[in-house]
1. Given R₀ = 22 Å, FRET efficiency for residue 132-residue 181 by Cβ-Cβ distance, to 0.05?
2. To the nearest 10 degrees, how steeply does helix 141-154 sit against the main Cα axis of the chain, on a 0 to 90 scale?
3. Taking every Cα atom in the chain, find the radius of gyration and the maximum pairwise distance Dmax, and write them in Å.
4. For region 1-153, just the Cα set please: Rg and Dmax, both in angstrom.
5. What are the principal axis extents of the Cα atoms in region 52-112, in Å, biggest first?
6. So what are the three principal axis dimensions of region 120-287 from its Cα atoms, in whole Å, longest to shortest?
7. Based solely on its DSSP helices, what 222 nm [θ] is calculated for the chain when runs of n ≥ 4 H residues each add -39,500 (n - 2.57) and the sum is averaged over all residues, nearest 500 deg cm²/dmol?
8. Under the definition of Cα pairs under 8 Å and six or more residues apart, what whole-number percent is the relative contact order of region 120-287?
């Protein structure tokens, strides 16, 4: 067989390289806004979700960025109960003009920060006027990323973070942000009190066997509700004034989708195709399930920033002529 082999040098970008590169939370918020704005010109089919056992999953998320970006990415994210950590993710980045594999990237930092950035962007877009108190439950890494991005969005103004107590997570969370001079903390023990006094409620819980709060009257007029992992607030689908999502395909299978009073995508608001919040009395619910588009934009920009610093590569040997078996 006549053959010719070319060597393609593929960058290996590990978590430590990515997390230490100095990307600010404010930049992460800007990157997710940029990705929402390019959504009409990108190609992102629905994620493929496979379940090896129980509630464990492997999600595969392919995305073709707009032609001017010249990049294709596919992210795999998995959650396996009992593993440490339970959630993990990896990403392949390609040059879409040549088909060349550019990088194999750890996607854990990307996943956490783009998720927090989307939540912070949602707060900026949809909170009512005059809010200075933010209620957060489910106080793991997603919540930490969200608050990092939120504090950058809000700037130096005084902020109160209300935390729902769970084991020792609230105290550990407050300790993480103890050096923020403009932030004070309130720890709440009862979930009904937590919901009833919330202007902006951000839920980062990853599992819920039922409703977090089944007393609809406790969700006050003007509330912004952001259940990042969608768990526990299905009753709100029926009486909140507006529902926004990152992608219609992500939520149109929800049980009560046809009974939403109003639905639009965040992209519609950013491109002025939807008015967003129109009064301080509207209850608004944001379902941001997670777009591979954000991952692809983050990965592409991180690659451009870090390729000169990367020290790990593999040599991929590829046939350059058509071959016959």
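1. The computed FRET efficiency comes out at 0.90.
2. It is inclined by approximately 70 degrees.
3. Over the chain's Cα set, Rg and Dmax evaluate to 21.1, 75 Å.
4. My reading of the Cα-based Rg and Dmax gives 18.1, 73 Å.
5. Taking max minus min along each principal axis of the Cα atoms, region 52-112 gives 41, 19, 17 Å.
6. 43, 35, 26
7. Taking each H run of at least 4 residues, the total per residue is -8000 deg cm²/dmol.
8. Relative contact order of region 120-287: 24 percent.
Each reported figure results from applying straightforward, stated rules to the coordinates on display, with no laboratory input. Quick caveat: nothing in here was measured; it's all calculated off a predicted structure. Note that we place each Cβ from the backbone using ideal geometry, even for glycine, and neighbour counts take in every protein chain shown.
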